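Below is one structure, written out as structure tokens, with a few remarks after it.
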Amino acid sequence: NQPPRNNYLPIAVFPDFSSVPNVAVKKQLFFDFFQDYVRDENQTILGLRKDLLSYADITRKGWMLSPSERSRVLEIAESYKLELTFSNEAEVIEELVQRVDIIPPSLALAQAATESAWGTSRFALEGNNVFGQWCYTKGCGIVPSRRPSGAIHEVETFSTIKSSVQAYFVNINTNDVYQHLRDQR
């Protein structure tokens, strides 16, 4: 008789980086903690990219995608906020190949360190927001204490650190502000 298998998710507790007095040690602990999240997200993206490149091979040969392949492309397009204004699926796939790509860990970790004050900011601690991402719907996040009068943005809250990292990757891979970065990749 086997014991029942638990389907519990691991508990991820945000470390108390502010309790580490040695700055060099605090920085290393920060990088050690977050590098796994960045590595995992890059691995997920590599899997998506592999699928997209195989679809691109198909359409570059002038062949049609199967219904399940087409459905997968549309699912990826939706998650990467791609407006489907293209004339054919080959163009959609080519745009996704440009968007769906890894982010250098050094870039993600440096931005996380800067935006979260090495994991000590109010937004990181209260909202798992490691990258300082904003949202624009009332109640979607934490209102900054120094938000200008009339501004509506909030600093988005995330249920997990992982979801914050995922949202950052999607932001870098979809936002027009980062088009130059995507072009350079």
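Given +1 on the Cβ of Lys and Arg, -1 on the Cβ of Asp and Glu, and no further charges, what dipole in debye does the chain carry about its Cα centre, rounded to the nearest 20? Spell out each step's value before the answer.
Values: 19 positive and 22 negative charges, 77 e Å.
That gives the chain a dipole magnitude of about 360 debye.
Of all stretches in the chain that contain no chymotrypsin sites (Phe, Trp or Tyr not before Pro) in a DSSP loop with at most 11 other Cβ atoms within 10 Å, the longest one is 64-135. Distance from the C-alpha centroid of region 117-148 to that of region 42-111: 30 Å, rounded to the whole angstrom. Candidates Ser87, Ser149, Leu65 compared by Cα position along the dipole of the chain: farthest toward the positive end lies Ser149, with charges placed on Cβ. Taking the Cα centre of region 51-134 as reference, the dipole from Cβ charges on Lys and Arg (+1) and Asp and Glu (-1) amounts to some 140 debye. Solvent-accessible surface of region 58-129, averaged per residue with a 1.4 angstrom probe and all protein chains in place: 55 square angstrom.
Cross-chain or 8 or more residues apart, Cα under 25 Å: how many lysine pairs in the chain fit that? Count them up, please. For the chain, the number of qualifying lysine pairs is 8.
Compared with the dominant principal axis of the Cα atoms in the chain, helix 89-99 is inclined by about 30°. Here the accessible area is traced with a 1.4 Å probe on the protein chains. For the chain, carbon and sulfur cover 54 percent of it. Annotation note: trypsin sites (Lys or Arg not before Pro) in region 57-143 located in DSSP loop regions with a Cβ neighbour count of at most 10 within 10 Å are Lys61, Lys138.
Per-residue ellipticity at 222 nm from helix content only, as computed over the chain with -39500 (n - 2.57) for each DSSP H run of at least four residues, stands at -17500 deg cm²/dmol.
Across the chain, the mean sequence separation of Cα contacts (distance under 8 Å, 6 or more residues apart), normalised by length, yields a relative contact order of 21 percent.
The values are calculated or read from the model by the stated rules, or taken from the named source; none is laboratory data. These numbers were taken from a predicted model, which means no experiment stands behind them. When we count neighbours, we look across all protein chains shown, and the Cβ atoms used for this are built from the backbone with ideal geometry, even at glycine. Please note that ligands, DNA and RNA were not included when accessible areas were found on the heavy atoms of the full protein model with its side chains. Shrake-Rupley method; radii C 1.70, N 1.55, O 1.52, S 1.80 Å.
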